[in-house]
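Down below is the structure, laid out as structure tokens.
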Amino acid sequence: MFEKDQISFQISQKNPLYLSKTISMIESTRAEDQEFIEQWFSQQSDMSVSRVLGITGPPGVGKSSFINEFVAELLPSNKTFAILSIDPSSSLSQGSILGDKTRMNKISAHPNVFIRPSPSSNELGGLGRKSHLIIELFRMAQFDYILVETVGVGQSEFSVKYLVDFLILLMQPMSGDELQGIKKGIIELADMYLISKSDLQDQTYSNQAFLDISNALHYQAQENKPVIQISNINRLGMNEVIQHLEMSFNEPNFITQKSKKRKENLTYWTAEMIQREIIQKLNIFLKAHELAFQDLDSLAHALSIKNKLTQDFFTYE
Ligand SMILES: Nc1nc2c(ncn2[C@@H]2O[C@H](COP(=O)(O)OP(=O)(O)OP(=O)(O)O)[C@@H](O)[C@H]2O)c(=O)[nH]1
Ligand SMILES: [Mg+2]
């Protein structure tokens, strides 16, 4: 256990050791760790300057390589970066974690960059259970940029928007057909679309993808969202990406939107945290009453047990 004052000071200094220690406590399931972290968070002021960007897209599309290039481009301006890479496979193997870090080889050793791979839990379909609190920690440390890498699969495609201010979707179309499959919800969700690997010899697919996404946005009256062909190999599109981000973040409208979004995000995670605490308690309750489930010999019996235990649960201490 370390001192709260020490943590606050060291976090404000972006001390990597303390950031890691605090994240371990955030991720811990021990009640005393959770209590300590919540108390500590409650004492912090909510005055963040961070820009929180989500980078999402299918496996292998080039998310980590993009982060590597993007951060390398901005490092000379002396900005600070925290990167949370949420990996759905990392609970099974360490392979992809190493994968993400090696893809970020240009930036991983830089003192202004803190990279945290985080295993995802299955319950949120690709997002870590405590991702939002880790991002809050980075906000409190006042990193200039917080980048959240998530594989865009299933539910996480939709939950990730509650973690960030601005969502970037990477796509690598291999054939025109695949783009037909872009879900309407995703088009509405992202704030910027990047067609990755646009250095590949045959540009037909990249050009086609550009048209398809632009058309899809047009039909949904969202044509003001940028669609950019990029390459992480020859920096194609990087200046355009940075210019668009700069413009978006400085727009007066966006600043109002950002505080509205902050409220939406907090609402989502508060409900989420309540659900989780109730489920945790419910699991303990069910375990304590497992005997009641033995010898359920008829539907009538099952229903009466269900009613009795449901009632008991609400008065369970
Ligand atoms: N040709 C080309 N290859 C790229 C580009 N960007 C990434 N790659 C390659 O694509 C592969 C996957 O890149 P990553 O950056 O690891 O992709 P990712 O989306 O982070 O992958 P996961 O984290 O596993 O989902 C690697 O072999 C990269 O070298 C690019 O712009 N052009
Ligand atoms: Mg990656």
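All of the numbers you see were taken from the coordinates with simple rules; none came from a lab. Remember, it's a predicted structure, so these values are computed and weren't measured experimentally. Using ideal geometry, Cβ is built from the backbone for each residue, glycine included, and neighbour counts are taken over all protein chains shown.
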Per 0.36 nm of contour for each residue apart, how much would the distance between L296 and T270 grow if the chain were fully extended, relative to their Cα-Cα spacing? 5.7 nm
Give me the one-decimal nm value for the distance between modelled label points at F158 and E32, 7 Å along each residue's Cα-to-Cβ direction. 4.0 nm
Within 10 Å, count the other beta carbons around each residue, average over each peptide in 220-230, 267-277, 295-305, 63-73, and list them highest first. 63-73, 220-230, 267-277, 295-305
Estimated distance in nm for a label pair at I242 and S24, the labels positioned 7 Å out from Cα along Cα-to-Cβ: 3.6 nm
For the peptides 307-314, 12-19, what is the packing order when you average, over each peptide's residues, the other Cβ atoms within 10 Å and list the highest mean first? 12-19, 307-314
By how many nm would the segment from N207 to N105 lengthen if fully extended, with 0.36 nm per residue of separation less the alpha-carbon distance? 33.8 nm
On full extension of the chain, what length is gained from T310 through E188, given 0.36 nm per residue of separation minus the C-alpha to C-alpha distance? 40.0 nm
Distance check, please: which entries in K21/K197; K263/K287; K21/K225; K4/K281; K21/K306 exceed 32 angstrom between their Cα atoms? K21/K197; K263/K287; K21/K225; K21/K306
Expressed in nanometres to one decimal, the distance between label points 7 Å along Cα→Cβ at Q257 and K4 is 3.8 nm
